[in-house]
Amino acid sequence: MIVTLIVICEVGFWVLLAAGLATRYLLKMPRTGMALLLCEPLLEVVLLVVTAIDLKNGADPGWEHGLAALYIGYTVGHGHRTVKWLDGHAAHRLGGGPPPPKPPRYGMARARHEGRVWLGSLVGGAVATVLLLLAVWYVGDAGNTDSLWSWMFAAWRAVGIHGLIALSYLIWRKKDPDSGSAVAARDPEHVPDLLVRGAGKNAASPGGQPPDPRQGHARNSA
């Protein structure tokens, strides 16, 4: 039953999201659309309550209970960012708004972006851990809680892997090719020879032409 409810919550998440965005931008009813979007957290509340009731009725803690905790944690950590990203695209495609800004691709800006995304995974792992610990405490010593502990370790293993990926953007920062070409153009070694020859001509005479040696000889004879 828990697995079926997780599938229903996942489908309901996208249905409510599509209905909320369509109501906001197609039907021009922003308040009603926002109300539909705010119903998203209710799905996680329903899943949490049903999971607790299932355990209270004597169900042995299984992988489905741990999966429910991870699903709730992921929604808490990344759900807001997902909704915001889709809302920006819907405002552009359906509402005639400006295109949403793309995430940075280079340098420290990209590293900060990846760090913020990783913080969402960290929050999700913390929420899942709290829920799993509550489930372990609720079951007590009478039940087998090994599956709950294994899901807890799996959550933090995923957080750690994501953290290493985010850290790689900080250590090996990708340089912007446009900024690199601009620096090279300012290097005197890369100045075209034509400009160097032009500068030499300008320094030789005010008109940019080399002085006539016959004129100098005539002045010396005078």
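Pairs please, first residue from segment 165-180 and more than 14 Å from R112 (Cβ to Cβ), second anywhere and modelled with pLDDT of 85 or more and surrounded by 10 or more Cβ atoms within 10 Å (Cβ to Cβ), Cβ atoms under 6 Å, 6+ apart in sequence or on different chains.
Correct list of pairs: D176/Y106.
Would you confirm, using the coordinates I've provided, whether A128 is touching a Leu at 6+ places or on another chain (Cβ under 6 Å) and assigned to a helix (DSSP H, G or I)?
yes
Out of S147, S168, S121, report the one residue that is in a helix (DSSP H, G or I), surrounded by 10 or more Cβ atoms within 10 Å (Cβ to Cβ), at pLDDT below 90 and not basic (K, R).
From the options S147, S168, S121, the qualifying one is S147.
Taking the conditions exactly as written (open to solvent by 40 Å² or more (accessible area, probe 1.4 Å), more than 30 Å from T4 (Cβ to Cβ) and out of contact with any Ser or Thr (no Cβ under 9 Å at 6 or more places or on another chain)), does K102 satisfy them or not?
yes
Which residue, of A68, A135, A111, is over 26 Å from I6 (Cα atoms), touching a residue at least 40 places away in the same chain (Cβ under 8 Å), of a type in the set (G, A, S) and assigned to a helix (DSSP H, G or I)?
A111
Specify the residue that is farthest from H162 (Cα to Cα); the eligible residues are those in segment 80-95 that are part of a helix (DSSP H, G or I) and small (G, A, S).
A91
Check whether at least one residue in segment 183-204 is open to solvent by less than 40 Å² (accessible area, probe 1.4 Å) and either outside any helix (DSSP H, G or I) or modelled with pLDDT of 50 or more (or both), and report yes or no.
Scanning segment 183-204, I find no residue that is open to solvent by less than 40 Å² (accessible area, probe 1.4 Å) and either outside any helix (DSSP H, G or I) or modelled with pLDDT of 50 or more (or both), so the answer is no.
I'm told G77 meets every condition in (1) open to solvent by 30 Å² or more (accessible area, probe 1.4 Å); (2) touching a helix residue (DSSP H, G or I) at 6+ places or on another chain (Cβ under 6 Å); (3) in a helix (DSSP H, G or I) except one. Can you identify the failing condition by its number?
Every condition holds for G77 apart from (1).
Out of the residues in segment 25-45 that are aliphatic (A, V, I, L, M), in a helix (DSSP H, G or I) and more than 29 Å from D141 (Cβ to Cβ), state the one that is most open to solvent (accessible area, probe 1.4 Å).
Taking the candidates together, the pick is L38.
The values are calculated or read from the model by the stated rules, or taken from the named source; none is laboratory data. Bear in mind that the values here come from a model prediction, so they are computed numbers and not experimental data. We place every Cβ from the backbone using ideal geometry, glycine too, and count neighbours over all the protein chains shown. We work out accessible area using only protein heavy atoms, side chains counted, and drop any ligands, DNA or RNA first. Shrake-Rupley method; radii C 1.70, N 1.55, O 1.52, S 1.80 Å.
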